[in-house]
Amino acid sequence: MTRLIAGVAGGLSLATPDSRTRPTTGRTREALFSRLDARLDFTDLRVLDLYAGSAALGLEAISRGAEELVAVEAGRTAASVARRNAQAVGDALDQASARPARITVVEQRVQSWLSGAPAAHFDLVFVDPPYDVSTAALETLLVDLLPALSPLADVVIERSSRTPDLHWPAGYVGQPPRRYGETVLWFGESEDARVG
């Protein structure tokens, strides 16, 4: 089980898919959201969670005040777990008389979903692909993701510390990665196409 850290649904237990998925550890999630809290106001954010698994990262953002979450997960079992978790978080928001959030779980391959994604829409994106997704494929995905991002959107990528270094493609400004044990987090921001 995973617990949401903070916000309206803080402390809520979330189900996790079977052992073939790799949930983000509590320590890594705490470090990730501590960093995001320092730079973001979650209120009204539109969040995208790619390779969502249980959708814990996106639902943490919803608990903290995000307005919308789209969680994309190709695995049938994981998508079913994400839907149950989304319902539980929605119920917690209702019980707290908090503003409702729009939460959608899409059971589809990430690349297929991106081909029809809305333009200039998401403010915060979590990308947590299986370790067997190559760094080159991930960099291609980042190019395909750009049209779906709002200007100056934050993008967080979770990888194994043993995978090759990521090179942010044109359209992004990357920050130095942060390592947490076997996990490395890459933080980037989409450039504002309106500038220049």
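How big is the antiparallel share of DSSP beta bridges in segment 108-196, given as a percent to the nearest 5? All intermediate terms of the calculation are to be shown ahead of the outcome.
Numbers: 13 of 18 bridges.
Of all bridge pairs located within segment 108-196, approximately 70 percent are antiparallel.
The alpha-carbon atoms of segment 22-139 define a convex hull whose volume equals 115 cubic angstrom per residue.
Computed packing ranks the peptides 131-137, 171-177, 157-163 as 157-163, 171-177, 131-137, most packed first, by mean other Cβ atoms within 10 Å.
What's the magnitude of the charge dipole for the chain around its Cα centre, counting Lys and Arg as +1 and Asp and Glu as -1 at the beta-carbon? Answer in Debye, nearest 20. Show your work: numbers first, answer last.
On the way: 20 positive and 25 negative charges, 96 e Å.
For this selection, approximately 460 debye.
Counting Cα-Cα pairs of segment 67-122 in 5 Å increments starting at 0 gives whole-percent bin shares of 5, 18, 24, 21, 17, 11, 5, 1.
Express as a percent, rounded to the nearest 5, the fraction of DSSP beta bridges in segment 1-125 (both residues included) that run antiparallel.
Details: 2 of 14 bridges.
Among the beta bridges of segment 1-125, antiparallel pairing accounts for roughly 15 percent.
Would you please classify the overall shape of segment 124-196 from the alpha carbon gyration tensor, given that a ≥ b ≥ c denote the square roots of the eigenvalues, rounded means a/c under 1.5, and beyond that prolate means a/b larger than b/c while oblate covers the rest? Cα axes put segment 124-196 in the prolate bin.
Near residue 168: Cβ cut-off under 12 Å, other residues only, Lys/Arg at +1 and Asp/Glu at -1. The net charge is -4. Each peptide in 78-88, 97-107, 24-34 receives the mean, over its residues, of other Cβ atoms within 10 Å, and ordering these scores from highest gives 78-88, 24-34, 97-107.
From the residues 134, 48, 183, which one has its Cα farthest along the dipole of the chain in the positive direction, the dipole being from +1 and -1 charges on Cβ of Lys/Arg and Asp/Glu about the Cα centre? Result: 183.
Considering the options 163, 112, 152, tell which one lies farthest towards the positive end of the dipole of the chain, charges being +1 on Lys and Arg and -1 on Asp and Glu at the Cβ, about the Cα centre. Checking the options against the dipole of the chain, the answer is 163.
With Cβ to Cβ distances under 10 Å as the rule, what net charge do the other residues near residue 64 carry (K, R +1; D, E -1)? Kindly include the intermediate steps, with their values, before the conclusion.
Details: positive: none; negative: 37, 41, 60.
Local net charge: -3.
Each Lys or Arg adds one and each Asp or Glu takes one away; over the other residues whose Cβ falls under 15 Å from the Cβ of residue 42, this sums to -2. Taking every DSSP helix (H) stretch of at least 4 residues in the chain, weighting each as -39,500 (n - 2.57) and dividing the sum by the residue count yields a mean residue ellipticity at 222 nm of -9500 deg cm²/dmol. When each of the peptides 8-15, 52-59 is scored by the mean number of other C-beta atoms lying within 10 Å of its residues, the order from highest to lowest reads 52-59, 8-15.
Since every read-out is calculated from the coordinates, none of them should be taken as a lab result. Note that the structure is predicted; figures quoted are calculated from it, not measured. Note that we place each Cβ from the backbone using ideal geometry, even for glycine, and neighbour counts take in every protein chain shown.
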